[in-house]
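The values are calculated or read from the model by the stated rules, or taken from the named source; none is laboratory data. For clarity, every value in this text was computed on a predicted model and none was experimentally measured. Note: ideal-geometry Cβ built from the backbone for every residue, glycine included; neighbour counts use all protein chains shown.
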Amino acid sequence: MVNGEDITGKKPHKAAERGIGRTFQLNPLFHDFTVVQNVVASFHLHPSSSLIDTYLNTAIYRRNEARILEQSLEILQLVGLDKVKDELAKNLPHGYQKMLGVARTLATRPQLLLLDEPFKQGEKL
């Protein structure tokens with residue numbers, strides 16, 4: 001139960017729409033995207049530009065994309081991946097791919113974050 005709603009059996013994208021973020025044992029990454037492109041893509045679960053703004057590349061769209069990039073870089077710094085932001089996800093060591101999964105989940109702006117593995121106290125998230 002989350003916020004009074006039974007989420008048992010909800011598909012991951014439906015749970016994400018309700019503000020629940022989770023990481024997976026096997027990360028569903030865009031392997032041919034860079035680290036920062038992976039995080040930027042995850043922000044688009046909650047689009048902030050209309051289809052028309054996107055298609056016409058309006059000032060609103062460009063401002064929203066600049067804000068998303070800035071927030072993506074902040075998340076990468078938070079999880080310690082800012083130094084590898086331009087690397088392809090498929091070239092990252094497994095541990096970095098796991099942290100990229102956490103970064104992508106944070107980009108969905110979850111109210112509740114479920115991790116598939118425990119973190120030790122003091123371990124950087």
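Yes or no: region 58-65 includes at least one residue that is among the hydrophobic types (A, V, I, L, M, F, W, C) and within 19 Å of Arg109 (Cβ to Cβ).
Step one: filter region 58-65 for residues among the hydrophobic types (A, V, I, L, M, F, W, C), giving 59-60.
Now narrow it down to the ones that are within 19 Å of Arg109 (Cβ to Cβ): none.
For region 58-65, residues among the hydrophobic types (A, V, I, L, M, F, W, C) and within 19 Å of Arg109 (Cβ to Cβ): absent.
For every residue, the table says whether it meets (1) under 18 Å from Leu113 (Cα atoms); (2) surrounded by fewer than 16 Cβ atoms within 10 Å (Cβ to Cβ); (3) at pLDDT below 95; (4) in contact with a Phe, Trp or Tyr (Cβ under 9 Å, 6 or more places away or on another chain).
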position: Met1; (1), (2), (3), (4): yes, yes, yes, no
position: Gly19; (1), (2), (3), (4): yes, yes, yes, no
position: Leu29; (1), (2), (3), (4): yes, no, yes, no
position: Ile68; (1), (2), (3), (4): no, no, no, yes
position: Asn91; (1), (2), (3), (4): no, yes, no, no
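Quick one: Leu81 ticks every box in (1) farther than 30 Å from Asn3 by Cα; (2) modelled with pLDDT under 95; (3) in contact with a Phe, Trp or Tyr (Cβ under 9 Å, 6 or more places away or on another chain) except a single one, so which number is it?
Against the list (1) farther than 30 Å from Asn3 by Cα; (2) modelled with pLDDT under 95; (3) in contact with a Phe, Trp or Tyr (Cβ under 9 Å, 6 or more places away or on another chain), Leu81 comes up short only on (2).
Would you please name the residue that is surrounded by the most Cβ atoms within 10 Å (Cβ to Cβ), looking only at residues in region 42-51 that are assigned to a helix (DSSP H, G or I) and in contact with a helix residue (DSSP H, G or I) (Cβ under 9 Å, 6 or more places away or on another chain)? Explain how you work it out, then say what you get.
Quick first cut of region 42-51, residues assigned to a helix (DSSP H, G or I) only: 42-43, 51.
Next, from what is left, pick out any that are in contact with a helix residue (DSSP H, G or I) (Cβ under 9 Å, 6 or more places away or on another chain): 42-43.
On the way: Ser42: 24, Phe43: 22.
Taking the candidates together, the pick is Ser42.
Output the residues belonging to region 77-106 that are free of Cβ contacts under 8 Å to residues at least 24 places away in the same chain and assigned to a loop (DSSP other than H, G, I, E, B).
Listed by number, the list holds a single entry, Pro93.
Answer yes if at least one residue in region 99-122 is on the phi < 0 side of the Ramachandran plot, over 16 Å from the mean Cα position of the chain (by Cα), surrounded by 15 or more Cβ atoms within 10 Å (Cβ to Cβ) and at pLDDT 90 or above, and no otherwise. First the steps, then the outcome.
Initial filter on region 99-122 (on the phi < 0 side of the Ramachandran plot): 99-108, 110-121.
When the remaining residues are screened for being over 16 Å from the mean Cα position of the chain (by Cα), the result is 117-121.
Those still in the list that are surrounded by 15 or more Cβ atoms within 10 Å (Cβ to Cβ) too: none.
Scanning region 99-122 turns up no residue that is on the phi < 0 side of the Ramachandran plot, over 16 Å from the mean Cα position of the chain (by Cα), surrounded by 15 or more Cβ atoms within 10 Å (Cβ to Cβ) and at pLDDT 90 or above.
Of all residues in region 4-18, which are over 14 Å from Leu45 (Cα atoms) and touching a residue at least 12 places away in the same chain (Cβ under 8 Å)? Please lay out each step first, then the result.
Here is the first cut: in region 4-18, the residues over 14 Å from Leu45 (Cα atoms) are 4-11.
Hits for region 4-18 are Glu5, Ile7.
Tell me the residue from Phe43, Phe33 that is under 22 Å from Leu114 (Cβ atoms) and within 19 Å of the chain's Cα centre (by Cα), please. Walk me through it before giving the result.
On the way: Phe33 fails: under 22 Å from Leu114 (Cβ atoms).
Checking each option against the conditions leaves just Phe43.
Please verify whether Tyr55 is out of contact with any helix residue (DSSP H, G or I) (no Cβ under 8 Å at 6 or more places or on another chain) and among the hydroxyl-bearing types (Ser, Thr, Tyr), treating the condition exactly as stated. Walk me through how you get there before you give the answer.
Working: out of contact with any helix residue (DSSP H, G or I) (no Cβ under 8 Å at 6 or more places or on another chain): yes; among the hydroxyl-bearing types (Ser, Thr, Tyr): yes.
The answer is yes for Tyr55.
Taking only pairs six or more apart or across chains, which ones have beta-carbon atoms under 6 Å, a first residue in region 57-76 that is within 17 Å of Gln37 (Cβ to Cβ) and in contact (Cβ under 8 Å) with a residue 24 or more places away in the chain, and a second residue that is surrounded by 14 or more Cβ atoms within 10 Å (Cβ to Cβ) and among the β-branched types (Val, Ile, Thr)?
Ile68/Val40; Ser72/Val36; Ser72/Val39; Ser72/Val40; Ile75/Val39
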